[in-house]
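Student: Questions regarding the structure given below will be posed in turn.
The values are calculated or read from the model by the stated rules, or taken from the named source; none is laboratory data. For clarity, every value in this text was computed on a predicted model and none was experimentally measured. Neighbour counts run over all protein chains shown; Cβ positions are idealised from the backbone, glycine included.
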Amino acid sequence: MNIFLIGYRCTGKTSVGKILGKTLKMPFIDADAELVRKNNITITDMVAEHGWEFFRKQERLIIKNLCILKNHVIATGGGVVLNPDNVQDMKKNNAVIWLKASIKTIQKRIVQDMKTQEQRPALTNKDLMEEIKETLAFRNPLYKNAADFFINTDQADINEICQKIIKRL
């Protein structure tokens, strides 16, 4: 069984995934990092040069391959739930955990994160706060449908989050 971490940007998928993997003695893979490695281009450059549709096709290939693995902790990109095939594959014999955070927390983390420029291209032409609100309004039902359960990452530290996940599993 793999453990897939889903959720919006900066909800803690990669940070939690690394510690959760170590704690459970399972290899950790970041799907976005894998996509960048396989395509030899940053996500921002990929989207700028080829568009979101191309990016989503590449993401689909990565997720399909990661679903074949056994006993891994996998952090997904925030939009992985936009493709029903990704959701279906992740849910097969795996645990899918939604890491949630408030709009304010997400906005604060995005602004503070040094990787935002190369890893998180704008999803809309709106200002950041409006983009987060709009995107979450659309995606939250998709995350809810895909997840076995959710963990709120607003106030808890990474170790607390990992312990909550392990307890729920």
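Student: Inspect the stretch 8-25 for any residue being farther than 17 Å from N86 by Cα, free of Cβ contacts under 8 Å to residues at least 40 places away in the same chain and out of contact with any strand residue (DSSP E or B) (no Cβ under 9 Å at 6 or more places or on another chain) and give the result as yes or no.
Tutor: yes
Student: Determine whether F28 is at pLDDT 95 or above, aromatic (F, W, Y) and closer than 28 Å to I158 by Cα. Steps first, answer last, please.
Tutor: Values: at pLDDT 95 or above: yes; aromatic (F, W, Y): yes; closer than 28 Å to I158 by Cα: yes.
Yes.
Student: Let me ask something additional. Which of the residues that make up the stretch 25-56 are touching a Leu at 6+ places or on another chain (Cβ under 9 Å), surrounded by fewer than 16 Cβ atoms within 10 Å (Cβ to Cβ) and in a helix (DSSP H, G or I)?
Tutor: K38, W52
Student: Can you find a residue that is of a type in the set (D, E, K, R) and within 17 Å of D148 (Cα to Cα) anywhere in the stretch 13-23?
Tutor: yes
Student: Just one of the numbered conditions (1) at pLDDT below 95; (2) aliphatic (A, V, I, L, M); (3) under 15 Å from the mean Cα position of the chain (by Cα) is not true of M46; which one?
Tutor: Here M46 meets the rest and fails (3).
Student: All but one of (1) part of a helix (DSSP H, G or I); (2) surrounded by 14 or more Cβ atoms within 10 Å (Cβ to Cβ); (3) at pLDDT below 95 hold for E59, so report the exception by its number.
Tutor: Result: E59 passes all but (3).
Student: How about the stretch 110-169: which helices (runs of 4 or more DSSP H) wholly inside it have at least 1 residues that are surrounded by 12 or more Cβ atoms within 10 Å (Cβ to Cβ) and at pLDDT 95 or above? Steps first, answer last, please.
Tutor: On the way: elements: 116-119, 128-146, 158-168.
Because the criterion is at least 1 residues that are surrounded by 12 or more Cβ atoms within 10 Å (Cβ to Cβ) and at pLDDT 95 or above, the helices (runs of 4 or more DSSP H) in the stretch 110-169 that meet it are 128-146, 158-168.
Student: Quick one: how many residues across the stretch 71-94 are hydrophobic (A, V, I, L, M, F, W, C), farther than 19 Å from G21 by Cα and buried (at least 23 other Cβ atoms within 10 Å of the Cβ)? Don't jump to the end; show me each part of the working.
Tutor: Within the stretch 71-94, the first condition is being hydrophobic (A, V, I, L, M, F, W, C), and the residues that meet it are 73-75, 80-82, 87, 90.
Next, from what is left, pick out any that are farther than 19 Å from G21 by Cα: 80-82, 87.
Pick out the ones that are also buried (at least 23 other Cβ atoms within 10 Å of the Cβ) and you get 80-81.
Residues meeting the conditions: 2.
Student: Enumerate the pairs (first residue in the stretch 30-48 and more than 16 Å from G79 (Cβ to Cβ); second residue anywhere and among the charged types (D, E, K, R) and buried (at least 17 other Cβ atoms within 10 Å of the Cβ)) with beta-carbon separation below 7 Å, excluding pairs fewer than 6 apart on the same chain, so at least 6 apart or on different chains.
Tutor: Taking only residues 6 or more apart or on different chains, not a single pair turns up.
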